[in-house]
């Protein structure tokens with residue numbers, strides 16, 4: 001049941017996951033939790049409850065993406081500050097290209113450029129960039145519209161603007 005989820009997680013997807021199941025059990029809940037599922041709902045369910053859970057998951061996932069604090073690389077990436085600084089510069093340049101492609105209504109170029117950000121963010125310690133890029137790709141693929149995807153593209157640009165070199169400051 002979780003092999004597809006594991007596969008998309010291996011590709012860098014870090015977004016929220018909601019699992020709808022015919023029967024709920026303690027074993028299933030434990031397995032779902034172990035695979036990073038945010039919420040499990042048993043069928044049949046009320047639409048109001050499903051919408052409330054979706055809003056909660058989106059809100060939780062959006063806080064990191066839409067915040068204002070600097071985004072620092074995960075220390076486990078093992079890269080030095082110079083490599084991170086070069087990557088951040090390349091990301092910001094790519095964001096400028098994406099915004100130019102959007103202004104020129106070049107859907108395929110936008111999709112391709114965002115795909116590049118998705119595939120590199122995790123390796124440079126910026127999983128949140130990969131998540132934001134995945135959300136943009138998902139929206140673009142679902143709508144085939146730059147206009148309808150503008151908000152997630154802006155969020156991706158916002159994430160890139162918050163990326164910074166250095167590690168989290170330790171306790172004083």
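Throughout, read-outs are computed from the coordinates displayed, never taken from laboratory work. Everything numeric here is computed off the predicted structure, so don't read it as measured data. Every residue, glycine among them, receives a Cβ derived from its backbone with ideal geometry; neighbour counts consider all protein chains shown.
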Inset, instruction - Quick one: angle between helix 47-66 and the longest Cα principal axis of the chain, in degrees between 0 and 90, rounded to 10, please. - result: 20
Legend entry - Residue exposure sequence - 43, 56 - by fewest surrounding Cβ within 10 Å: 43, 56
Legend entry - Sites residue 8 and residue 77, calculated FRET efficiency, Cβ-Cβ separation with R0 30 Å, nearest 0.05: 0.90
Legend entry - Mean shadow area of the chain, taken as a quarter of the surface of its Cα convex hull (nm²): 12.1
Inset, instruction - For a footprinting-style exposure proxy, rank 107, 124 by other Cβ within 10 Å, fewest first. - result: 107, 124
Legend entry - Residue with peak Gaussian network fluctuation, the chain [Cα springs, cutoff 10 Å], from 160, 113, 142: 142
Inset, instruction - Would you mind checking the tilt of helix 81-103 against the longest principal axis of the Cα atoms of the chain, expressed as 0 to 90 degrees and rounded to 10? - result: 80
Inset, instruction - In a Gaussian network model over the chain where Cα atoms closer than 10 Å are linked, find which of 34, 116, 80 has the largest mean-square fluctuation. - result: 34
Legend entry - Relative exposure of 120, 138, 27, judged by other C-beta atoms within 10 Å (fewest first): 27, 138, 120
Legend entry - C-alpha long axis of helix 127-143 to longest principal axis of the chain, angle in °: 70
